[in-house]
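The values are calculated or read from the model by the stated rules, or taken from the named source; none is laboratory data. Note that this is a predicted model, so its numbers are computed, not measured. Heads up, the Cβs are rebuilt from the backbone with ideal geometry, glycines too, and the neighbour counts pull from every protein chain shown.
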Amino acid sequence: MDIKRILSEKIAIEGISPDEIYALMTTSASSDLGDYSLPCFRFAKVLKTAPNKIAENLVASFDGCEIVKKAEAVNGYLNIFVDTSKIAGEILADARRADYGKSDEGNGKTICIDYSSINIAKPFHIGHLGTTAIGSSLYKLFKNLGYEVVGINHLGDWGTQFGKLIVAYDLWGDKEKIEKGGVEALQEIYVRFHREEENNPALTEDARKWFAKIEQGDKRALELFHWFKDITLAEVQKIYDRLNVKFDSYNGESFYNDKMAPMLEELDRKGLIKESDGAKIVDLQEYGMPPCLLVKADGATLYATRDLAAAFYRKKTYDFYKSLYVVAYQQNLHFKQLFKVLELMGCDWAKDCVHVAYGMVSLAEGSMSTRKGNVVWLKSVLDKAVEKAYGIIEEKSPDIEDKQAVAEKIGVGAVIFSALQNARIKDITFSLDKVLNFDGETCPYLQYTVARTNSVISKAGNSINARIMPDYSALDNDESRELIKLINGYPDIIRDAAEKYEPSLLSKYLIDLAQAYNKFYFENRILDEDLTKMLPRLYVTDATNKILKNGLSLLGIDAPEKM
Ligand code: ARG
């Protein structure tokens, strides 16, 4: 229910449209300032009256308005206190419907989301958690708003590292060992290559030759290349399944091999290519950026060249409304350059390309790096989280059924949530103890609240369907009002989280909702009441339960039935 709409329509100010009033009205930052607030400064000129006087005059607008408890003028603001218990019936009926929070506003529009985009034959390490979790959540959020969404895993499957891997494999590789050991085994020989290359430049030269063979389509080179790719993909698929992550396209860098030449020609035709020491660049000095290097002196193309081709391909194939790139902020410059080149080429859709940047993850126990081989694999973080969750369940609820499945949901959920909990641009320090603290602002806390609401609902049995008139005065207290207000705000939160590409808004909301519910739960008798009072409280419980489950699913997280 759009309470703000109802309130703003009660206010009439000469010369100001209802829509303007609606746009100016905000939700209050703290409860002593009411629930909604209208700043009156803008009207002072038109009305030739001091802002606070205007606010005072507007107080009477709500005379006889059932949902307004009181209105106050404070320092030029009109603060409005709403009594949600008066409209609780309607809000709760809405919130308990299966499609609550869904919308069709995105119908007919396509959003491409490039996320996870792992590198083949390299570890799927904790640094890729952010892009995977944020991208996947945005995917679900936009789908929920009716958009057509294309999830793209822009695989890092091109580059000289494949030449290095072939050389390393021929020297020290063992087919069986690699088939068994997977990416970790590949990583081992890759790291060894880097170590030995330092004293043996011939190795580097060999690697270059092998990569050239891949480019020329040499049979054995391609076979090995595809083998490395298959090994990596089979392994990451298992992780994606655990994380509830899906893609519609795995077109990675190699897919664009034959799509760069036409684009380079077009750049040339438009006079944008410059030669610099034999390399082809787009000069971006005028825009305060280093040049965008597209072709090296030896003819090799680059990451940026393939991204340019990919941007065109996506526009042509999906005719996107927005094209998002969920990539760490280390690549800020890369995307600024990329979008600028598109703009210079005259693509008016360059403005629809968005770099959704996110911060770094470090581990509380120490940091990580790929080259030196001391990487933190995402799989092992997930396994450790699940193991720890298992231990906690054994201690807290030893009688629960299917502990392993419950521990998997709690452990994996905690890791996903850690990447979605804070504004995405922030760097985070990951600690297992912190994310698995059942009493903190964590995923287990949310899941625990789901289990609590499940249990209330199941204990109530069929009462929730009773066909009697509920007595909504049972919700006439602060904890209930706060909770209903939050419940009513869910659809706005989803829209906001999607529009700002910020799943953390949803995460924070869910924590607020769970906290508000738990307060409500401790302050109100739910089950041992007479049915007319019990019903509204059951409705509140049911609405909370549905929103928590739905919200978690939009973050890619499952909640166990019991905990
Ligand atoms: N594979 C790259 C990396 O791990 C990320 C690719 C992001 N997507 C893109 N279109 N550039 O750093």
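Could you say which residue among 91, 21, 113, 13 is farther than 30 Å from residue 326 by Cβ and touching a residue at least 60 places away in the same chain (Cβ under 8 Å)?
So the residue among 91, 21, 113, 13 that is farther than 30 Å from residue 326 by Cβ and touching a residue at least 60 places away in the same chain (Cβ under 8 Å) is 91.
Give the residues of segment 391-424 that are assigned to a helix (DSSP H, G or I) and not hydrophobic (A, V, I, L, M, F, W, C), sorted by residue number.
391, 394, 395, 396, 403, 404, 408, 409, 411, 413, 418
Hey, can you tell me all the residues within segment 293-302 that are in contact with a Ser or Thr (Cβ under 9 Å, 6 or more places away or on another chain) and either within 15 Å of the ligand (Cβ to nearest atom) or closer than 18 Å to residue 271 by Cα (or both)?
Matches in segment 293-302: 293, 294, 295.
Give the residue that is nearest to the ligand (Cβ to nearest atom), with candidates limited to residues of segment 245-258 that are in a loop (DSSP other than H, G, I, E, B) and crowded, with 18+ Cβ neighbours inside 10 Å.
The qualifying residue nearest to the ligand (Cβ to nearest atom) is 252.
Can you pull out every residue in segment 294-337 that is acidic (Asp, Glu) and either over 27 Å from residue 500 (Cα atoms) or surrounded by 16 or more Cβ atoms within 10 Å (Cβ to Cβ) (or both)?
298, 307
Do we have residue 46 as of a type in the set (A, V, I, L, M, F, W, C), touching a residue at least 24 places away in the same chain (Cβ under 8 Å) and more than 30 Å from residue 144 (Cβ to Cβ) here?
Against the criterion (of a type in the set (A, V, I, L, M, F, W, C), touching a residue at least 24 places away in the same chain (Cβ under 8 Å) and more than 30 Å from residue 144 (Cβ to Cβ)), residue 46 qualifies.
Taking residue 381, is it within 14 Å of the ligand (Cβ to nearest atom), modelled with pLDDT under 95 and either more than 24 Å from the chain's Cα centre (by Cα) or under 27 Å from residue 119 (Cβ atoms) (or both)?
no
This table checks each residue for (1) modelled with pLDDT of 95 or more; (2) in a helix (DSSP H, G or I); (3) of a type outside the set (Phe, Trp, Tyr).
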{"residue": "294", "(1), (2), (3)": "yes, no, yes"}
{"residue": "298", "(1), (2), (3)": "no, no, yes"}
{"residue": "305", "(1), (2), (3)": "yes, yes, yes"}
{"residue": "315", "(1), (2), (3)": "yes, yes, yes"}
{"residue": "320", "(1), (2), (3)": "yes, no, no"}
{"residue": "326", "(1), (2), (3)": "yes, no, yes"}
{"residue": "332", "(1), (2), (3)": "yes, yes, yes"}
{"residue": "336", "(1), (2), (3)": "yes, yes, yes"}
{"residue": "339", "(1), (2), (3)": "yes, yes, no"}
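I'm trying to understand the selection: among the residues of segment 98-157, which are more than 16 Å from the ligand (Cβ to nearest atom), surrounded by 19 or more Cβ atoms within 10 Å (Cβ to Cβ) and part of a helix (DSSP H, G or I)?
Within segment 98-157, 137, 140, 141, 142, 144 qualify.
Go through the residues of segment 432-440 one by one and say whether even a single one is assigned to a helix (DSSP H, G or I), over 15 Å from residue 543 (Cβ atoms) and β-branched (Val, Ile, Thr).
There is at least one residue in segment 432-440 that is assigned to a helix (DSSP H, G or I), over 15 Å from residue 543 (Cβ atoms) and β-branched (Val, Ile, Thr).
Looking at 493, 457, which is the one that is modelled with pLDDT of 95 or more, in a helix (DSSP H, G or I), surrounded by fewer than 19 Cβ atoms within 10 Å (Cβ to Cβ) and not charged (D, E, K, R)?
457
Show the residue pairs meeting these rules: Cβ distance below 6 Å; 6+ apart or different chains; first residue within segment 546-559 and more than 15 Å from residue 406 (Cβ to Cβ); second residue of a type in the set (Ser, Thr, Tyr) and assigned to a helix (DSSP H, G or I).
Sorted first by the residue in segment 546-559, then by its partner, the pairs are 547/490; 555/137; 556/136; 556/137.
Output the residue which, of all residues in segment 259-292 that are outside any loop (DSSP other than H, G, I, E, B) and touching a residue at least 40 places away in the same chain (Cβ under 8 Å), is surrounded by the most Cβ atoms within 10 Å (Cβ to Cβ).
Checked segment 259-292; the qualifying residue surrounded by the most Cβ atoms within 10 Å (Cβ to Cβ) is 292.
Which one is nearest to residue 434 (Cα to Cα) among residues in segment 341-372 that are at pLDDT 95 or above and β-branched (Val, Ile, Thr)?
356
Scanning segment 343-353 for residues that are hydrophobic (A, V, I, L, M, F, W, C) and under 25 Å from the mean Cα position of the chain (by Cα), which turns out nearest to the ligand (Cβ to nearest atom)?
Ranking the candidates gives 353 first.
Given the conditions (1) at pLDDT below 95; (2) in a loop (DSSP other than H, G, I, E, B); (3) under 33 Å from the mean Cα position of the chain (by Cα), which single one is not true for residue 561?
In the conditions (1) at pLDDT below 95; (2) in a loop (DSSP other than H, G, I, E, B); (3) under 33 Å from the mean Cα position of the chain (by Cα), residue 561 misses (1) alone.
Somewhere in segment 217-228, is a residue under 30 Å from residue 168 (Cβ atoms) and in contact with a Ser or Thr (Cβ under 9 Å, 6 or more places away or on another chain)?
Checked segment 217-228: at least one residue is under 30 Å from residue 168 (Cβ atoms) and in contact with a Ser or Thr (Cβ under 9 Å, 6 or more places away or on another chain).
So, residue 481, is that one assigned to a helix (DSSP H, G or I), crowded, with 18+ Cβ neighbours inside 10 Å and touching a strand residue (DSSP E or B) at 6+ places or on another chain (Cβ under 9 Å) or not?
Criteria met by residue 481.
Hey, does segment 482-489 have a residue that's more than 30 Å from residue 115 (Cα to Cα), within 26 Å of the chain's Cα centre (by Cα) and free of Cβ contacts under 8 Å to residues at least 40 places away in the same chain?
Scanning segment 482-489, I find at least one residue that is more than 30 Å from residue 115 (Cα to Cα), within 26 Å of the chain's Cα centre (by Cα) and free of Cβ contacts under 8 Å to residues at least 40 places away in the same chain, so the answer is yes.
When you look at residue 85, is it buried (at least 17 other Cβ atoms within 10 Å of the Cβ), assigned to a helix (DSSP H, G or I) and of a type in the set (S, T, N, Q), yes or no?
The answer is yes for residue 85.
Rundown of residues vs (1) without any contact (Cβ under 8 Å) to a residue 60 or more places away in the chain; (2) over 14 Å from residue 121 (Cα atoms); (3) out of contact with any strand residue (DSSP E or B) (no Cβ under 6 Å at 6 or more places or on another chain), yes/no style:
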{"residue": "161", "(1), (2), (3)": "yes, no, yes"}
{"residue": "174", "(1), (2), (3)": "yes, yes, yes"}
{"residue": "187", "(1), (2), (3)": "no, no, yes"}
{"residue": "210", "(1), (2), (3)": "yes, yes, yes"}
{"residue": "214", "(1), (2), (3)": "yes, yes, yes"}
{"residue": "220", "(1), (2), (3)": "yes, yes, yes"}
{"residue": "250", "(1), (2), (3)": "no, yes, yes"}
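Out of all the residues in segment 303-342, which are farther than 17 Å from residue 357 by Cα, away from the ligand (no atom under 12 Å from the Cβ) and touching a residue at least 60 places away in the same chain (Cβ under 8 Å)?
Selection gives 318, 319, 320, 321, 341.
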